[in-house]
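Beneath this line is the structure, given in structure tokens, with notes to follow.
The values are calculated or read from the model by the stated rules, or taken from the named source; none is laboratory data. Note that this is a predicted model, so its numbers are computed, not measured. FYI the Cβ positions are ideal-geometry reconstructions off the backbone, even for glycines, and counts take in every protein chain you see. SASA here: full protein model, heavy atoms, side chains in, ligands and nucleic acids out. Shrake-Rupley method; radii C 1.70, N 1.55, O 1.52, S 1.80 Å.
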Amino acid sequence: MTCPSQVVCSMYADAELEASEAARLEEHLVGCVSCAARVAALKRESHAIRAALRNAGELPKLWPDRFERATVEAAVHGDADAQPVAELAHAEKRFGNVVALRGLDLAVRRGELLGVLGPNGAGKSTAILLLLGLLRPDSGRARLFGRSPEDIEVRRQIGVMLQAVALTPELRVRELIELATHYYPDPMRIDEVLAVSNTTSIAHRAYGKLSVGQQRLVQFSLAICGRARLLFLDEPTAGLDVDARERVWAILRGLVAQGVSIVLTTHYLEEAESLSTRVAVLAQGRLIVEDTVAGLRRLIGAKQIDCVTATNAMTVASWPEVASVTRDERGLHVKTLEAEATVRRLLAADGSLAELEVRRAALADAFKELTRGVVA
């Protein structure tokens, strides 16, 4: 009997199952561990998608069901990583005597948010411009969906929000969004874009009359209005207030849950820490490390201890497991490789120690540690 696992996914995509097919499938799953595992994984992934969308808030369904199901199907069959949606392979780029990229390899997978971090001059912007087809590599290659970034059909599958944006100041917000939707084959409705981005109240105002934060929301609206499969977002929440930033974060989480891929460049490390599926750290045009946020924390291994104590900082710094010690008006701050041992020493040294707090290393700590030795 032919294994029906491929049939399972196509049936799922059609959202219905003939009675005869259901009976045949049930009978087969009893004796086929592989297919049973695939179907179970598909169901788990489907539930995870729905849960993530609920957690993102009352957001409308931005992407068609068929795209979400295709993403689940790819994950179940193990080919989600087979072809990256965006890729730089051995990319080199020079500007005169300045080497911006030195053989950079970078890949973006389907349905993930890749946080691209690095100090100024690391090559982040150059890497994004290569992927967008706005620059060509001197050597190596750039690909979007396996094709040239200059291919017009490929470009219709991406949305872009750069940090430096020049839009016609006289046009109203609604007019800008309407213009942008005409670039895409299956865009969102204009009223839907306005509702999602919370820009309905400024829809009839001229772009040039808006505040910086309002302009950034409009730019974000233009990036998502086309139901793109891949988004490039450069400092998307710069200039936004807390409420607007949290809304953008919720939208991004919802998009990733629906199978959209996102490349995020940001100087707000807490933003990358909160949103990223994976993080790529660049320095001097090279990829220093690529891992999950948890994986990067594990690389440095240290934990942070904060407390108020009379114990001398130099004494604490001499303990073998302690990596660094600082003191300020809030108290003593210790980075240690063995938090339990350090806490015991602190309590033994000062019985009146107060406000003790132990926390894991933040992404900012990992970032500083990883780039310390490579930044000129």
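Packing, taken as the mean count of other beta carbons within 10 Å per residue, orders the peptides 92-103, 110-121, 129-140 from highest to lowest as 110-121, 129-140, 92-103.
With a Förster radius of 41 Å, plug the Cβ-Cβ distance of residue 165 and residue 294 into 1/(1 + (r/R0)^6) and report the FRET value to the nearest 0.05.
Numbers: r = 34 Å, r/R0 = 0.82.
Result of the calculation: an efficiency of 0.75.
Only protein atoms count toward the accessible area here, which uses a 1.4 Å probe; on the stretch 162-217, the carbon and sulfur part of that area reaches 53 percent.
If r is the Cβ-Cβ distance from residue 268 to residue 348 and R0 is 35 Å, what FRET efficiency results, to the nearest 0.05? Provide the component values of the computation, followed by the final result.
Numbers: r = 39 Å, r/R0 = 1.11.
So, using R0 = 35 Å, E works out to roughly 0.35.
Multiplying the residue separation of residue 212 and residue 172 by 0.36 nm and subtracting their alpha-carbon distance yields 12.9 nm. Distance between the 7 Å Cα→Cβ label points at residue 324 and residue 92: 3.5 nm. For the set 243, 234, the ranking by accessible area, highest first and with no ligand, DNA or RNA atoms included, is 243, 234 under a 1.4 Å probe. Taking every protein chain into account, the accessible area of the stretch 191-275 amounts to 34 square angstrom per residue (probe 1.4 Å).
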